[in-house]
Amino acid sequence: MIKIDGSYGEGGGQILRTAIALSCVTQESVEIFNIRANRPKPGLAMQHLKGIEAAKLITNADVEGLKLGSKRVVFKPRSLKGGNFKIDIGTAGSITLILQTILLPSLYAENPSRFEIRGGTDVKWSPSIDYFRFVTLRALKNLGAKVEIDVVARGYYPEGGGKVIVNVDPSNLIGKNFEALKCNVRGISHCQNLPRHVAERQRNSAIEVISDAEIEVEVRSGISTGSGITLWCGYKGSVALGERGKRAELVGRECAEGLLRELESEGTFDKHLADQIMPFSAVAKGKTTYTTTEVTKHQISNAYVINKFLENVKIDGRSIEIDGAGL
């Protein structure tokens, strides 16, 4: 059984998500201990619990320690068959973080999978659903992943209420030497249960920073109230969310300035994508190489987990080389 120290590096939920995903694909049982040991509230939070429950659902796994606050989990996968699944995270738990757990295994299932996931689409401390659709999926599709995502409803903190449909076909992932893309800055500025001018002001202030950006305005009504903006260009993106008392102009400007910093930094991938793409590249056939704008603790932690399973990730400065296992 593979043993993972959950307190390694940044010591957060990413270690758990990557370990469970790779356990599903490799069919290797895994024990994760010291889960979130250095956090103010150690052990499994609801977000992590739901991710493991989803992985259990798609693999018919045996799981020990599946409870709130648990600092140790043993996950024993059985099979990956695909199918139709409904996952309700509850309130505004992040849909994209659930996808970080179940998307990779679903690409290796015997049959196609369809997920209906309810929760938060645009919440703190996680990629927005638009970042996932237009940055993460862009890179994954270049590896050969067959995934489509439809945003039915947006969900903001604290009520959530977002709904996303994800269709996944079994895929043969092939490693790739990623190079920078020439592209225009695009984006989506959105609000829900708020006046249209909120999303428009977010967009307009972003354009003041990046004058040639093409930004769509999206206005919806739904269960939760909120706003946000995601900008992207090639393999780099930026997200900013509205908050009570925070002017829409500041939200748009923060997002644009964040993307501008990434675009002005050397590196093919932004610091978040460089982390997210690792597990997929690790199981692909052939070598994957890319550079990152910044080496982060998340990347180092992810490499630690992957190397426990496959021993195929090397980080040299800002260059990352992954010799895919060809699973």
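Given a 1.4 angstrom probe, what's the average accessible area per residue across segment 1-83, in square angstrom?
Details: 3460 Å² over 83 residues.
Heavy-atom SASA per residue in segment 1-83 reads 42 Å².
Express the relative contact order of the chain as a whole percentage, based on alpha carbon pairs under 8 Å and six or more residues apart in sequence. Each step should come with its number before you reach the end.
Working: 853 pairs, mean separation 49.0, N = 327.
Relative contact order of the chain: 15 percent.
Of all DSSP beta bridges in the chain, what percent run antiparallel (nearest 5)? Could the numbers behind the result be given before it?
Details: 45 of 66 bridges.
Here the antiparallel bridges make up roughly 70 percent for the chain.
Report the gain in length on full extension from ASN177 to SER29: 0.36 nm times residue separation, minus Cα-Cα distance, nm rounded to one decimal. Kindly include the intermediate steps, with their values, before the conclusion.
On the way: separation 148, 0.36 × 148 = 53.28 nm, distance 3.10 nm.
Taking ASN177 through SER29 to full extension adds about 50.2 nm, to one decimal.
All other residues with a Cβ under 9 Å from the Cβ of HIS48 taken together, and with Lys, Arg as +1 and Asp, Glu as -1, what is their net charge?
Numbers: positive: ARG17, ARG36, LYS50; negative: none.
That works out to +3.
Return the single residue from ILE35, ILE129, ILE223 with maximal mean-square fluctuation; model: Gaussian network over the chain, springs between Cα atoms under 10 Å.
ILE223
Note the full-extension length gain between ASN193 and ILE300 as 0.36 nm times their separation in residues minus their Cα-Cα distance, in nm to one decimal. Can you show the working numbers first?
On the way: separation 107, 0.36 × 107 = 38.52 nm, distance 3.97 nm.
So the extension gain works out to 34.5 nm.
By the scheme Lys and Arg +1, Asp and Glu -1, what is the net charge of all other residues having a beta-carbon under 15 Å from that of PHE115?
Values: positive: LYS50, LYS56, LYS81, LYS86, ARG114, ARG118, ARG133, LYS146, LYS163; negative: GLU53, ASP88, GLU116, GLU148, ASP150, ASP169.
Summing Lys and Arg as +1 and Asp and Glu as -1 gives +3.
Which value at 222 nm does the chain reach when only helices count, each DSSP H run of 4 or more adding -39,500 (n - 2.57), with the total divided by all residues and rounded to the nearest 500 deg cm²/dmol?
On the way: 9 runs with 103 residues, N = 327.
Helix contribution divided over all residues of the chain: -9500 deg cm²/dmol.
Which sequence of MET1, MET278 reflects their accessible areas, 1.4 Å probe, from the largest down? Before the final figure, lay out the partial values.
Values: MET1 115, MET278 0 Å².
Heavy-atom accessible area, descending, gives MET1, MET278.
For labels at ILE2 and ARG261 in the simple 7 Å Cα→Cβ model, what's the distance in nm?
3.3 nm
In the P(r) worked out for segment 172-307, what percent of Cα pairs fall beyond 27 Å? Present the calculation step by step, with values, prior to reporting the outcome.
On the way: 2986 of 9180 pairs.
Everything past 27 Å amounts to 33 percent.
So which helices of the chain fit the span-like rule, where a helix is a whole DSSP H run, its Cα atoms reach 15 Å or more along the axis, and its mean Kyte-Doolittle is at least 0.5?
Working: long enough: 13-26 (20 Å, 1.16); 46-59 (20 Å, 0.21); 95-107 (17 Å, 1.94); 196-209 (21 Å, -1.07); 248-264 (24 Å, -0.11); 297-309 (19 Å, -0.45).
In the chain, the long hydrophobic H runs are 13-26, 95-107.
Taking the chain as a Gaussian network, where each spring joins two C-alpha atoms under 10 Å apart, which residue of ARG17, ARG253, ARG220 fluctuates the most?
With Cα springs under 10 Å in the chain, the top fluctuation among ARG17, ARG253, ARG220 is at ARG220.
For TRP125 and ASN84, calculate 0.36 nm times their separation in residues minus their Cα-Cα distance, and state this gained length in nm to one decimal.
Working: separation 41, 0.36 × 41 = 14.76 nm, distance 2.80 nm.
Answer, rounded to one decimal: 12.0 nm.
Local charge sum around SER29 (other residues, Cβ-Cβ under 11 Å, Lys/Arg +1, Asp/Glu -1)?
Details: positive: LYS3, LYS76, ARG78; negative: GLU28, GLU31, ASP62, GLU64.
Residues near SER29 contribute -1 overall.
Once you keep just the Cα pairs under 8 angstrom separated by 6 or more residues, what percentage relative contact order results for segment 1-140? Write out the running numbers ahead of the final one.
Working: 281 pairs, mean separation 30.9, N = 140.
Once normalised by length, the contact order is 22 percent.
First compute the accessible area of the chain with a 1.4 Å probe, then give the percent of it belonging to carbon and sulfur atoms.
Values: 6360 of 13980 Å².
So the carbon and sulfur contribution to the accessible surface is 45 percent.
Defining a contact as two alpha carbons under 8 Å apart and six or more residues distant in sequence, what relative contact order in percent does segment 67-173 show? Intermediate results must be reported in sequence, preceding the final value.
On the way: 213 pairs, mean separation 34.3, N = 107.
The value is 32 percent.
The values are calculated or read from the model by the stated rules, or taken from the named source; none is laboratory data. Quick caveat, the model's predicted, so the values are computed rather than measured. When we count neighbours, we look across all protein chains shown, and the Cβ atoms used for this are built from the backbone with ideal geometry, even at glycine. Please note that ligands, DNA and RNA were not included when accessible areas were found on the heavy atoms of the full protein model with its side chains. Shrake-Rupley method; radii C 1.70, N 1.55, O 1.52, S 1.80 Å.
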